[in-house]
Amino acid sequence: EYIPGPTLKEVLDRGGPGSLAAAREMGRVVGRLHQAGIVHGDLTTSNMLWRDGRIVMIDFSLGGKDRGREARGVDLHMLREGLVSAHARATSYYREVVRGYREVMGREADDIIATVKEIETRGRYT
């Protein structure tokens, strides 16, 4: 099915007053997926469309059902990496993603965010 609208990448690249709100909404949407036991597997702003002020997720080809902390942490880690590689305001956007995610996930978000931090340290050599 064709869904009209720009990708969230295009929306965030334009910046503007609504971009931080869009990033927070991204966190809420990911939180709702994770609450439902769904991981996307390829969370990038190119796999999200902006339509009528809402985010529509697309391309679940790498996704699946998984309520595990690790799988959800990997999902968020990949989103963060995608933001860093594609957006100049990645730090601000990711901060809003986390806020939106916490709004939906509540206390459970803290464990998943901690897992994201663990995942990030695995790739570093000290």
I'd like to verify a number: residues in the range 31-70 that are closer than 19 Å to Ile3 by Cα and among the hydrophobic types (A, V, I, L, M, F, W, C), how many?
9
Within the range 15-32, is even one residue out of contact with any Pro (no Cβ under 7 Å at 6 or more places or on another chain), of a type in the set (Lys, Arg) and closer than 14 Å to Ser92 by Cβ?
yes
Quick check on my filter: what residues within the range 30-44 are over 8 Å from the mean Cα position of the chain (by Cα) and either assigned to a helix (DSSP H, G or I) or at positive phi (or both)?
Gly31, Arg32, Leu33, His34, Gln35, Gly37, Gly41
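Quick check: anything in the range 57-64 touching a strand residue (DSSP E or B) at 6+ places or on another chain (Cβ under 7 Å), more than 23 Å from Lys117 (Cα to Cα) and modelled with pLDDT of 95 or more? Give the steps one after another, and end with the answer.
Looking only at the range 57-64, we keep the residues that are touching a strand residue (DSSP E or B) at 6+ places or on another chain (Cβ under 7 Å), and these are 57-58, 63-64.
Remaining after also requiring more than 23 Å from Lys117 (Cα to Cα): 57-58.
Of the ones still in play, those that are also modelled with pLDDT of 95 or more are 57-58.
Looking through the range 57-64, at least one residue is touching a strand residue (DSSP E or B) at 6+ places or on another chain (Cβ under 7 Å), more than 23 Å from Lys117 (Cα to Cα) and modelled with pLDDT of 95 or more.
With respect to Arg99, is the statement that it is in contact with a Lys or Arg (Cβ under 8 Å, 6 or more places away or on another chain) and of a type in the set (D, E, K, R) true?
On the way: in contact with a Lys or Arg (Cβ under 8 Å, 6 or more places away or on another chain): yes; of a type in the set (D, E, K, R): yes.
So Arg99 fits the description; yes.
Could you tell me whether any residue of the range 88-96 is of a type in the set (A, V, I, L, M, F, W, C), under 28 Å from Glu1 (Cα atoms) and in contact with a helix residue (DSSP H, G or I) (Cβ under 7 Å, 6 or more places away or on another chain)? Reasoning before the result, please.
Our first condition is that a residue be of a type in the set (A, V, I, L, M, F, W, C); within the range 88-96, this holds for 88, 90.
Next, from what is left, pick out any that are under 28 Å from Glu1 (Cα atoms): none.
No, the conditions are met nowhere in the range 88-96.
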Spot the failing condition for Gly15; the list is (1) within 15 Å of Val104 (Cβ to Cβ); (2) surrounded by fewer than 21 Cβ atoms within 10 Å (Cβ to Cβ), and only one is missed.
(1)
Subset of the range 81-112, residues of a type outside the set (A, V, I, L, M, F, W, C) and under 12 Å from Gly31 (Cβ atoms), comes to Arg99, Gly100, Tyr101, Arg102, Glu103, Gly106, Glu108
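The values are calculated or read from the model by the stated rules, or taken from the named source; none is laboratory data. Bear in mind the structure is a predicted one, so any value in this text is a computation, not a measurement. Note that we place each Cβ from the backbone using ideal geometry, even for glycine, and neighbour counts take in every protein chain shown.
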